[in-house]
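These notes are about the structure you will find just below.
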Amino acid sequence: MSNIRQPAVAGMFYPDNPHELSAMLDDLLQPATPDTARVKALIAPHAGYVYSGSVAAHAYATLAPYAHEINRVVLLGPSHRVAFQGIATGSFTHFQTPLGSIPVDVNSIHELLHERLVVERNDAHLAEHSLEVHLPFLQKMLPSFTLVPLVVGDARYEQVQQVLDKLWGGPETLIVVSSDLSHYHDYATARKMDAHTSRAIESLRPDAIQYEDACGRIPVGGLLLAAKEHGLQARTMDLRNSGDTAGPRDQVVGYGAYGFQ
């Protein structure tokens, strides 16, 4: 029996009309140059598309040369709505967007639950935008894929790393971590803070990322531990903030796109 997670922020963070959404994604992705280096994992922002979509596009455009080889996406993002311990999956069989339905990799979810690496909490998913805003980008870039959707609450980096190690897979599996950077500082302060965070990501040093540096600090930190263990290198694809894209510069939110190969 199907249990479909319906979109919560369509019409707010991105268009709810499929034609408008597809056209907007095309416009965002067109200027983003695909990189020749294949990535295993991405970090990309999760604000409304007018603010962070052009930054996220730099991450997703890099999938173009080998998109047909990816058939599973492990997607992790921080919880904004519900406070809980650990990492939350749900009982959903599909995630719906205006572009269509994405099947959940229920077998992987069952394995994570069986090993008690995650908890099942639909409430952590129902109104959460940190995963949802990435789905249309993934649908645009990948011909077909299953999804392992995970919302990260109060957890340790090592818990995230353990889940990632379990799901690591081969070239068929892409890992995406959803995170914005600094929040509501002036433009100059934000640029300084976000540059520091980018250096920490590039050097795979989760200990150098503080609470105020990234709202997805915990899933980012877990990915950095896993990336170091698996011998990956990180690079910054784009680094801007809302003062560069669609907002004033007195209180900005930072956005970065990063690839791991």
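Annotation: LEU138 fulfils all but one of (1) without any contact (Cβ under 8 Å) to a residue 40 or more places away in the chain; (2) closer than 15 Å to ASN71 by Cα; the unmet one is (1). The requirement of being among the hydrophobic types (A, V, I, L, M, F, W, C), at pLDDT below 95, part of a loop (DSSP other than H, G, I, E, B) and out of contact with any Lys or Arg (no Cβ under 9 Å at 6 or more places or on another chain) is not satisfied by ALA83.
Under the condition of being within 22 Å of MET141 (Cα to Cα) and in a strand (DSSP E or B), the residues counted in segment 86-113 number 9. Only one entry in VAL55, VAL73, VAL50, VAL39 is within 13 Å of the chain's Cα centre (by Cα) and closer than 17 Å to ASP238 by Cβ, namely VAL55.
Of the residues making up segment 3-10, none is of a type in the set (A, V, I, L, M, F, W, C), open to solvent by 50 Å² or more (accessible area, probe 1.4 Å), under 27 Å from GLU229 (Cα atoms) and more than 19 Å from the chain's Cα centre (by Cα). Whenever a residue of segment 168-193 is more than 18 Å from LEU239 (Cβ to Cβ), its partners that are of a type outside the set (Val, Ile, Thr), lying with C-beta atoms within less than 6 angstrom and at least six residues away or across chains, give the pairs PRO171/GLU69; GLU172/ASN71; GLU172/ARG72; THR173/ARG72; ILE175/ALA41.
Scanning segment 66-78 for residues that are surrounded by fewer than 21 Cβ atoms within 10 Å (Cβ to Cβ) and not hydrophobic (A, V, I, L, M, F, W, C) yields TYR66, HIS68, GLU69, ASN71, ARG72.
The values are calculated or read from the model by the stated rules, or taken from the named source; none is laboratory data. Keep in mind that what you see is a predicted model, and the values were worked out from it rather than measured. Cβ: placed from backbone, ideal geometry, glycine included. Neighbour counts: every protein chain shown. We work out accessible area using only protein heavy atoms, side chains counted, and drop any ligands, DNA or RNA first. Shrake-Rupley method; radii C 1.70, N 1.55, O 1.52, S 1.80 Å.
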